[in-house]
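Read through the structure below, which is laid out as C-alpha coordinates, and then see the notes.
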Amino acid sequence: MITEYNLPNDDVEKERLDLQHNLFILMLDNKLGLAPPNDPNSKAKRVLDVGTGTGIWAIDYADEHPEAKVIGVDLSPIQPDFVPPNVEFFIDDIEEPWNFSEPFDYVHSRMMTFSIKSWPNLASSIYDNLVPGGYVELLEIDLFAHSDD
(Lines give C-alpha, C1' and ligand atoms only; values in the text may rest on other atoms or scores of the structure.)
Protein backbone atom coordinates (compact mmCIF):
# COMPACT_ATOMS: atom_id res chain seq x y z
CA MET A 1 0.00 0.00 0.00
CA ILE A 2 1.49 3.32 -1.05
CA THR A 3 0.61 6.20 1.21
CA GLU A 4 0.66 9.84 0.17
CA TYR A 5 3.48 12.34 0.32
CA ASN A 6 2.62 14.81 3.08
CA LEU A 7 3.64 17.97 1.18
CA PRO A 8 2.53 19.39 -2.18
CA ASN A 9 3.92 17.58 -5.21
CA ASP A 10 4.51 20.59 -7.43
CA ASP A 11 7.39 22.49 -9.01
CA VAL A 12 7.85 24.66 -5.91
CA GLU A 13 8.29 21.52 -3.78
CA LYS A 14 10.79 20.07 -6.27
CA GLU A 15 12.77 23.31 -6.13
CA ARG A 16 12.68 23.20 -2.33
CA LEU A 17 14.00 19.63 -2.30
CA ASP A 18 16.84 20.52 -4.68
CA LEU A 19 17.69 23.63 -2.63
CA GLN A 20 17.72 21.46 0.51
CA HIS A 21 20.17 19.12 -1.24
CA ASN A 22 22.46 22.01 -2.13
CA LEU A 23 22.35 23.31 1.45
CA PHE A 24 23.48 19.88 2.65
CA ILE A 25 26.34 19.96 0.14
CA LEU A 26 27.44 23.32 1.55
CA MET A 27 27.16 22.11 5.15
CA LEU A 28 29.09 18.93 4.37
CA ASP A 29 32.00 20.77 2.72
CA ASN A 30 31.02 19.79 -0.84
CA LYS A 31 30.47 16.14 0.07
CA LEU A 32 27.34 14.08 -0.50
CA GLY A 33 27.65 12.53 2.94
CA LEU A 34 30.05 11.73 5.74
CA ALA A 35 30.03 7.92 5.62
CA PRO A 36 33.06 6.21 3.98
CA PRO A 37 31.14 5.24 0.80
CA ASN A 38 31.22 8.95 -0.11
CA ASP A 39 35.01 8.87 -0.39
CA PRO A 40 36.36 8.97 -3.97
CA ASN A 41 37.95 5.51 -3.62
CA SER A 42 34.82 3.89 -2.23
CA LYS A 43 34.11 0.34 -3.34
CA ALA A 44 30.33 0.48 -2.71
CA LYS A 45 28.66 -1.52 -5.47
CA ARG A 46 25.00 -1.14 -4.49
CA VAL A 47 23.62 2.04 -2.97
CA LEU A 48 20.07 2.82 -1.83
CA ASP A 49 18.70 6.34 -1.44
CA VAL A 50 15.61 6.14 0.80
CA GLY A 51 13.15 8.96 0.15
CA THR A 52 15.01 10.06 -2.98
CA GLY A 53 12.64 12.94 -3.82
CA THR A 54 13.80 14.50 -7.07
CA GLY A 55 16.65 11.99 -7.19
CA ILE A 56 19.31 14.70 -7.06
CA TRP A 57 21.41 12.94 -4.40
CA ALA A 58 21.22 9.59 -6.22
CA ILE A 59 22.19 11.20 -9.52
CA ASP A 60 25.10 13.10 -7.98
CA TYR A 61 26.33 9.96 -6.20
CA ALA A 62 26.07 7.95 -9.42
CA ASP A 63 28.05 10.60 -11.30
CA GLU A 64 30.80 10.54 -8.66
CA HIS A 65 30.80 6.72 -8.42
CA PRO A 66 30.09 5.29 -11.89
CA GLU A 67 31.01 1.79 -10.64
CA ALA A 68 28.07 1.79 -8.20
CA LYS A 69 24.48 0.82 -8.96
CA VAL A 70 22.34 3.50 -7.27
CA ILE A 71 18.67 2.90 -6.52
CA GLY A 72 16.37 5.68 -5.35
CA VAL A 73 13.00 4.94 -3.77
CA ASP A 74 10.22 7.43 -3.12
CA LEU A 75 6.43 7.68 -2.91
CA SER A 76 6.33 10.43 -5.51
CA PRO A 77 7.14 9.99 -9.22
CA ILE A 78 9.04 13.29 -9.51
CA GLN A 79 12.45 12.01 -10.63
CA PRO A 80 13.81 12.94 -14.06
CA ASP A 81 13.63 10.51 -16.97
CA PHE A 82 17.18 11.09 -18.18
CA VAL A 83 19.64 9.88 -15.57
CA PRO A 84 23.08 8.25 -15.52
CA PRO A 85 23.01 4.61 -16.65
CA ASN A 86 23.85 3.41 -13.12
CA VAL A 87 20.74 5.01 -11.54
CA GLU A 88 17.30 3.47 -11.23
CA PHE A 89 14.24 4.88 -9.48
CA PHE A 90 11.33 2.99 -7.94
CA ILE A 91 8.04 4.40 -6.72
CA ASP A 92 7.25 2.53 -3.54
CA ASP A 93 6.43 2.91 0.14
CA ILE A 94 9.57 2.19 2.15
CA GLU A 95 7.43 1.45 5.19
CA GLU A 96 6.09 -1.64 3.46
CA PRO A 97 8.20 -4.85 3.24
CA TRP A 98 11.25 -4.45 1.01
CA ASN A 99 11.72 -6.81 -1.94
CA PHE A 100 15.19 -6.00 -3.24
CA SER A 101 17.01 -8.87 -4.96
CA GLU A 102 20.41 -8.08 -3.41
CA PRO A 103 21.59 -6.28 -0.27
CA PHE A 104 23.20 -2.84 -0.30
CA ASP A 105 26.68 -1.66 0.63
CA TYR A 106 25.38 1.78 1.57
CA VAL A 107 21.93 3.05 2.52
CA HIS A 108 21.47 6.82 2.54
CA SER A 109 18.50 8.85 3.77
CA ARG A 110 17.93 12.38 4.93
CA MET A 111 15.16 14.68 6.06
CA MET A 112 12.60 11.89 6.47
CA THR A 113 11.61 12.96 10.00
CA PHE A 114 8.01 13.77 9.09
CA SER A 115 7.60 10.88 6.66
CA ILE A 116 8.38 7.82 8.78
CA LYS A 117 5.73 6.36 11.06
CA SER A 118 7.93 3.66 12.59
CA TRP A 119 11.66 4.31 12.82
CA PRO A 120 12.30 0.90 14.43
CA ASN A 121 10.65 -0.80 11.43
CA LEU A 122 12.70 1.29 8.99
CA ALA A 123 15.90 0.47 10.88
CA SER A 124 15.02 -3.22 10.72
CA SER A 125 14.36 -3.06 6.96
CA ILE A 126 17.67 -1.29 6.42
CA TYR A 127 19.57 -3.82 8.54
CA ASP A 128 17.92 -6.75 6.74
CA ASN A 129 18.98 -5.31 3.37
CA LEU A 130 22.55 -4.32 4.23
CA VAL A 131 25.64 -6.38 3.47
CA PRO A 132 27.72 -7.30 6.53
CA GLY A 133 29.97 -4.31 7.19
CA GLY A 134 27.77 -2.04 5.09
CA TYR A 135 27.09 1.59 5.95
CA VAL A 136 23.93 3.50 6.84
CA GLU A 137 23.77 7.29 6.84
CA LEU A 138 20.65 9.00 8.19
CA LEU A 139 20.75 12.80 8.24
CA GLU A 140 17.83 14.23 10.22
CA ILE A 141 16.90 17.39 12.07
CA ASP A 142 16.63 17.68 15.84
CA LEU A 143 13.00 18.48 16.61
CA PHE A 144 13.66 19.41 20.22
CA ALA A 145 14.53 22.98 21.14
CA HIS A 146 17.58 23.32 23.36
CA SER A 147 18.67 26.16 25.60
CA ASP A 148 21.50 26.74 28.04
CA ASP A 149 19.06 28.64 30.29
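Which residue, of Ile94, Ile59, is of a type in the set (A, V, I, L, M) and in contact with a Pro (Cβ under 8 Å, 6 or more places away or on another chain)?
Working: Ile94 fails: in contact with a Pro (Cβ under 8 Å, 6 or more places away or on another chain).
The match here is Ile59.
I'm trying to understand the selection: among the residues of the stretch 102-138, which are modelled with pLDDT of 95 or more and in a loop (DSSP other than H, G, I, E, B)?
The answer is Glu102, Pro103, Asn129.
Against the conditions (1) part of a loop (DSSP other than H, G, I, E, B); (2) touching a residue at least 12 places away in the same chain (Cβ under 8 Å); (3) under 15 Å from Gly53 (Cα atoms); (4) not polar (S, T, N, Q), where does Asp81 fall short? Just the number, please.
The number of the failed condition is (2).
Is it the case that Val73 is closer than 25 Å to Leu28 by Cα, aliphatic (A, V, I, L, M) and out of contact with any Phe, Trp or Tyr (no Cβ under 6 Å at 6 or more places or on another chain)?
no
Could you give every pair whose Cβ atoms fall below 8 Å, whose first residue belongs to the stretch 84-101 and is closer than 21 Å to Ile56 by Cα and in contact (Cβ under 8 Å) with a residue 60 or more places away in the chain, and whose second residue is surrounded by 17 or more Cβ atoms within 10 Å (Cβ to Cβ) and of a type in the set (A, V, I, L, M), counting only separations of at least 6 or pairs across chains?
Close Cβ pairs (under 8 Å, with a partner that is surrounded by 17 or more Cβ atoms within 10 Å (Cβ to Cβ) and of a type in the set (A, V, I, L, M)) amount to Ile91/Val73; Ile91/Leu75; Asp92/Val73; Asp92/Leu75; Asp93/Leu75.
Taking Pro77, is it modelled with pLDDT under 95, surrounded by fewer than 20 Cβ atoms within 10 Å (Cβ to Cβ) and out of contact with any Ser or Thr (no Cβ under 9 Å at 6 or more places or on another chain)?
yes
Starting from the stretch 1-21, keep only residues that are at pLDDT 85 or above, then list their pairs with residues that are among the hydroxyl-bearing types (Ser, Thr, Tyr) whose Cβ atoms are within a distance under 8 Å, requiring at least 6 positions of separation or different chains.
Lys14/Thr54; Leu17/Thr54; Asp18/Thr54; His21/Thr54
Determine which member of the set Pro80, Pro66, Pro97, Pro85 is farther than 30 Å from Leu143 by Cβ and in contact with a helix residue (DSSP H, G or I) (Cβ under 8 Å, 6 or more places away or on another chain).
When all the criteria are applied, what remains is Pro80.
Suppose we keep only residues that are free of Cβ contacts under 8 Å to residues at least 12 places away in the same chain and of a type in the set (A, V, I, L, M) within the stretch 115-149. Which one would you say is surrounded by the fewest Cβ atoms within 10 Å (Cβ to Cβ)?
By that ranking, first place goes to Ala145.
The values are calculated or read from the model by the stated rules, or taken from the named source; none is laboratory data. Everything quoted here is computed from the prediction, not taken from an experiment. So basically every Cβ, Gly included, is an ideal-geometry build from the backbone, and we count neighbours across all protein chains shown.
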